[in-house]
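To keep things clear, I will list the structure first and then write my remarks on it.
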Amino acid sequence: MELHGLLLLSLLLFSFHSIPCFGNSEEDAGLYNIMEHPKYYGAFDGEENATDRNPDGFITQSVDEVDGIAASEVVNVADYGAKGDGSDATEAFKKAWLKVCSSPSSATLMVPAKKSYYLKPTTFSGPCKSEVTVMIKGMIKAPPHRSAWDGTNRRHWILFNGVSNLQVTGGGIINGNGQIWWKNSCKINKSLPCKNAPTAITFYGSNNLVVENLKVKNSQQIHVQFEKCTNVRASHLSITAPENSPNTDGIHITSTQNINLDHCNIGTGDDCISIVDGAQTVKATNIICGPGHGISIGSLGAKNSEDHVSDVIIDTAKLTSTTNGLRIKTWQGGSGYAKHIRFQNVYMKNVQNPIIIDQNYCDSKEPCHQQKSAVHVSDVVYNNIKGTSASDVAIDFECSKSVPCQGIVLQAINLVKENGGSAKSICKNVNLTKKGTVIPPACA
C-alpha cells in the first residue's frame with residue numbers, strides 16, 4: 001500500500017513538471033508585444049470574442065460589454081435618428097458623441113457612406129474617457145443660411161474642444177457650404193463691414209491627434225485649423241474651394257507644437273498653409289498647392305502684437321499658379337520672431353512672388369504707417385527651389401530697416417520667368433548668404 005502511494009505521488013510530480021507555465025514557451029514569446037497595444041488585438045484562434053488579459057496573459061474579464069459599451073463598439077449616427085437624406089442630424093451626432101466619449105475603452109463614431117448629413121454649428125467636447133475615432137465615410141454639410149449661427153460663436157462650425165487621443169478619418173467629405181458667406185464678405189462686397197465667418201473644422205486643445213484621408217471643401221473661411229494642440233499628424237487631406245473665395249485658408253496652424261503635415265492637396269482662395277503665432281516644430285512634406293496664396297508664415301505682429309514662430313520645415317512641395325510661393329509676412333509695429341525656418345525641394349509653376357519676405361505687410365482698408373518695431377526674421381534657408389515665376393521679381397526680400405532680416409540663405413535656386421525670360425531679385429535690409437547656383441542672382 002505504501003509502495004503504491006509513493007508511485008502515485010511520483011507520477012503526479014512528473015506530470016506537473018512536464019507542463020510549461022503560460023507565456024514561458026517560445027511560441028508565447030510575442031504575447032507581451034501584443035499586450036503593449038491592446039487596442040489592436042482581437043480574438044485569438046478558437047475564441048469567439050476578444051478578451052481582456054492581464055500582462056501575464058491570463059483571461060481576467062470578457063469585454064463584450066463594459067458598463068453597457070463594447071470595447072470595440074462602433075456607434076453609428078443612424079442609430080440615433082440621423083437619416084442621411086440631407087435632413088438635420090445635429091441631435092443624432094451629439095448623442096452619438098456622448099456615447100463614444102464616455103466609453104471606458106476605445107470607440108468609433110461612424111458616419112455612414114453614401115449618406116449626406118446636415119449639421120448645425122456643433123462642439124464635440126472632451127476630455128473623453130478613452131481613445132475615440134470619428135469615421136466619416138459619407139458627407140457632412142453645413143447649413144446654407146447664416147442665421148443657423150445666431151446665438152452661437154460665428155468663428156466655428158465643427159469644433160473638437162479638448163479631445164485628446166483622437167483620430168478623424170474615413171475618406172468622406174466635410175462641405176462648408178460657404179457660398180453665402182463669401183457673397184457677404186467685405187473682400188467681395190467692399191460696401192459691407194468686415195465680420196468673422198466660421199472655420200469648417202477646428203481642433204482646439206488636442207494632444208495626440210490624427211486627421212487623415214478626408215476631403216474638406218467650400219469652407220465659410222478657414223478649412224482646417226489646429227489651435228493649442230500638440231503631437232499632431234495630418235495626412236492625405238484634399239482641401240478645395242474656388243480661387244476667388246475669400247479667406248479660405250487650407251490648413252491654419254496656431255499655438256501648436258510638433259505637427260506633421262504629409263501628402264496634402266490644397267487649392268483655395270487664400271493660403272494653402274498658414275503658420276502663425278505659437279507654432280513650433282512644424283513639418284510639411286509632399287504638399288501640392290494651387291490655386292491660392294501659397295505657403296505662408298504669418299501674418300505676424302498685427303496690431304502691435306508679439307508673435308513667435310520657430311522650427312518650421314517645408315520639404316517637397318509643388319505650387320502651381322499661386323499668388324505667392326514661399327512667403328513670410330509681418331506687420332509693422334509688431335515684435336517677436338520667425339526663426340529656424342527651412343524651405344527645400346520645392347517646384348513652382350507660374351507662381352507670382354515665388355520667394356518673398358514682406359515685413360511691410362498691410363491687409364487693411366486704411367494705409368499702414370511706417371513704424372520702428374518689427375518681428376525679427378532670422379535663420380531662414382531656401383534650398384533647391386526651382387520653377388517659373390509669373391512676375392518679373394522671383395526673389396523679393398522687403399525687410400525692416402530698423403529690424404533687418406538676418407541669416408537668410410539661398411542655395412541651389414533656379415527661378416526663371418514663365419515665358420522663358422530672366423527674372424530678377426530685390427533685397428532690402430537683409431543679411432544674405434548665397435551657396436551654389438542662384439538664379440536670378442540675388443540682389444544683382
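Coordinate-derived values only; no laboratory data. Just so it is clear, the structure is predicted and the values come from calculations on it, not from any experiment. FYI the Cβ positions are ideal-geometry reconstructions off the backbone, even for glycines, and counts take in every protein chain you see.
Taking θ as phi - 60° and the Karplus parameters 6.51, -1.76 and 1.60, the scalar couplings of the stretch 105-117 work out to 9, 3, 9, 10, 8, 9, 10, x, 5, 6, 10, 10, 10 Hz in sequence order, x denoting glycine and proline. Applying 1/(1 + (r/R0)^6) with R0 = 30 Å to the Cβ-Cβ distance of ALA412 and ASN244 gives a FRET efficiency near 0.30.
Spin-label model, SER402/LYS137: points 7 Å from Cα along the beta carbon direction are separated by 5.9 nm. Rounded to the nearest Hz, the phi-derived 3J(HN,Hα) couplings of the stretch 138-150 under the Karplus curve 6.51 cos²θ - 1.76 cosθ + 1.60 (θ = phi - 60°) are x, 10, 10, 10, 7, x, x, 10, 5, 5, 5, 9, 4, where x marks glycine and proline. Label-to-label distance, ILE426 versus HIS263, with points set 7 angstrom from Cα along the beta-carbon direction: 4.0 nm. Charged neighbours of MET110, selected by a Cβ distance under 14 Å, balance to +3 (K, R count +1; D, E count -1). For THR248, neighbours were defined as the other residues whose beta-carbon sits under 14 Å from its Cβ, and their charges (Lys and Arg +1, Asp and Glu -1) total -1.
Put simply, when 79-87, 193-201, 245-253 are sorted by average Cβ atoms within 10 angstrom per residue, most first, you get 245-253, 193-201, 79-87. Compute the signed sum of charges (Lys and Arg +1, Asp and Glu -1) over the other residues within less than 13 Å, Cβ to Cβ, of SER373. Every neighbour counted, the sum reads +1.
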